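Encoded as structure tokens, the structure appears first; notes follow it.
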Amino acid sequence: MTSTACFIIVSRNDIPIYEAEVGSAAKRAEDAQLHQFILHAALDIVQDLAWTTSAMFLKAIDRFNDLVVSVYVTAGHILLHIELTFI
Amino acid sequence: MIGAGKIKQYSNILEKPLSKGKQEVSLSAFAFLFSELVQYNQTQVDNISELERRLEDAGYAVGARVLELLCHRDKGNRRETRLLGILSFVHSTVWKVLFGKVADSLEKGTEHEDEYMISEKDLLVNKFISVPKDMGTFNCGAFVAGIVRGVLDGAGFPAVVTAHFVPMEGLQRPRTTILIKFAEEVLQREARLG
């Protein structure tokens with residue numbers, strides 16, 4: 001049963017523009033900070049990966065315990081969603 | 001409803017394709033707007049290089065937006081990661097959408113590895129512009145150079161882009177060349193990607 005936990009839009013200079021906790025995941029305060037931390041740590045991976053493929057949707061680029069990070073990169077390298085999903 | 005025609009009904013608004021927008025814009029409307037843009041900037045600056053820089057900045061904003069729009073609308077969500085890919089994207093797709101035709105030619109510079117040139121016999125923005133002698137080498141194609149720079153910068157290929165007049169035998173008006181000089185990191189990344 002997958003449920004999205006955290007959704008962030010990041011600009012090309014690694015500045016977060018929008019952020020939301022969505023889905024039916026359990027909402028606890030310390031979880032929110034952990035999610036943000038995981039997503040920011042994944043930014044480096046995305047930058048390297050973005051140059052290897054011309055696809056826009058990069059599935060499952062990083063894992064942390066049972067959380068999976070996936071991202072959609074637009075043409076201007078705006079990371080349209082970095083999504084954390086419980087698998 | 002009168003004249004409803006056959007419109008496919010989408011149950012979910014997210015599944016509707018992006019509208020193509022108006023394909024054609026009046027040339028005279030654009031010419032008036034552009035001449036007003038140039039005249040307004042002329043009153044604000046003291047020298048030519050400042051005027052060129054302002055036109056370039058105006059074009060930069062256009063380029064950044066055009067990149068996102070075209071990649072989504074015309075290229076079916078595929079990004080450009082290679083140098084030749086982004087150059088041919090600018091040369092054909094961007095030119096076709098902005099000016100109604102592909103650019104005349106795309107050439108690689110011979111002296112330097114990082115220089116490329118897009119040439120156009122009759123640049124649309126220069127069609128109704130005449131430059132007085134005392135302005136020297138000023139070229140309103142700086143606006144188009146700004147558009148190209150916006151597209152390249154947005155896609156992750158930082159470059160210095162300038163517009164030049166190149167006189168050609170057999171042609172009354174000189175040809176306009178957009179000179180693109182890529183930053184060092186672009187070449188290094190290209191070499192690394194092999």
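The values are calculated or read from the model by the stated rules, or taken from the named source; none is laboratory data. Not measured: the values here are computed from a predicted model. All Cβ positions, even for glycine, are placed from backbone atoms using ideal geometry, and neighbour counts span all protein chains on display. For accessibility, only protein heavy atoms count, side chains too; no ligands or nucleic acids. Shrake-Rupley method; radii C 1.70, N 1.55, O 1.52, S 1.80 Å.
A few notes on this one:
- Electrostatic dipole magnitude of the protein assembly as shown [Cβ: Lys, Arg +1; Asp, Glu -1; Cα centre; debye, to 20]: 1260 debye
- Counting only protein heavy atoms and using a 1.4 Å probe, the accessible area of B:THR110 comes to about 130 Å².
- Using the rule -39500 (n - 2.57) for each DSSP H run of four or more residues, divided by the residues of the protein assembly as shown, the 222 nm mean residue ellipticity is -11500 deg cm²/dmol.
- Cut-off 13 Å (backbone N to label point 7 Å along Cα→Cβ of A:ILE15), residues of the range B:44-70: none
- Segment B:GLU24-B:LEU193, length gained on full extension (0.36 nm per residue, minus Cα span): 56.9 nm
- Exposed-loop-free span, longest in chain B, where GluC sites (Glu not before Pro) count as exposed if DSSP calls them loop and at most 14 other C-beta atoms lie within 10 Å: B:25-110
- Here is what passes the span test in chain B: the DSSP H helices with alpha carbon length of 24 Å or more along the helix axis and a Kyte-Doolittle mean of -0.5 or above are B:27-44, B:48-73.
- Three-way shape call for the range B:79-194 based on the alpha-carbon gyration tensor, with the a/c threshold at 1.5: prolate
- When you filter the trypsin sites (Lys or Arg not before Pro) in the range B:1-108 for DSSP loop state and at most 11 other Cβ atoms inside 10 Å of their Cβ, you are left with B:LYS6, B:LYS8, B:LYS20, B:LYS22, B:LYS101.
- Cross-link check: pairs B:LYS108/B:LYS181; B:LYS101/B:LYS121; B:LYS20/B:LYS121; B:LYS20/B:LYS96; B:LYS22/B:LYS96 evaluated at a Cα-Cα cut-off of 18 Å; pairs beyond the cut-off: B:LYS20/B:LYS121.
- In order through the range B:172-183: 3J(HN,Hα) via Karplus (6.51 cos²θ - 1.76 cosθ + 1.60), integer Hz, x for Gly, Pro: 5, 9, x, 6, 9, 10, 9, 9, 10, 10, 6, 6
- Annotation for B:LEU37 and B:PHE99: the two label points, set 7 Å from Cα along the Cα-Cβ direction, are 1.4 nm apart.
- Using a Förster distance of 45 Å, the FRET efficiency for B:ARG82-B:ILE13 (Cβ separation, nearest 0.05): 0.80
- Cβ-Cβ distance of A:ALA32 and B:LYS133, R₀ of 45 Å, FRET efficiency by 1/(1 + (r/R0)^6): the value works out to about 0.10.
- Summed side-chain charge close to B:SER49 - residues other than B:SER49 whose Cβ falls under 14 Å, Lys, Arg +1, Asp, Glu -1: -3
- Distant-in-sequence amide contacts of A:CYS6, defined by a placed amide H-H separation under 5 Å and a gap of 5 or more residues or a different chain, comprise A:VAL22, A:LEU84.
- Label-point separation in nm, B:LEU69 to B:SER92, each point 7 Å along Cα→Cβ: 2.1 nm
- Candidate residues B:TRP95, A:TRP51: accessible-area rank, largest first, probe 1.4 Å: A:TRP51, B:TRP95
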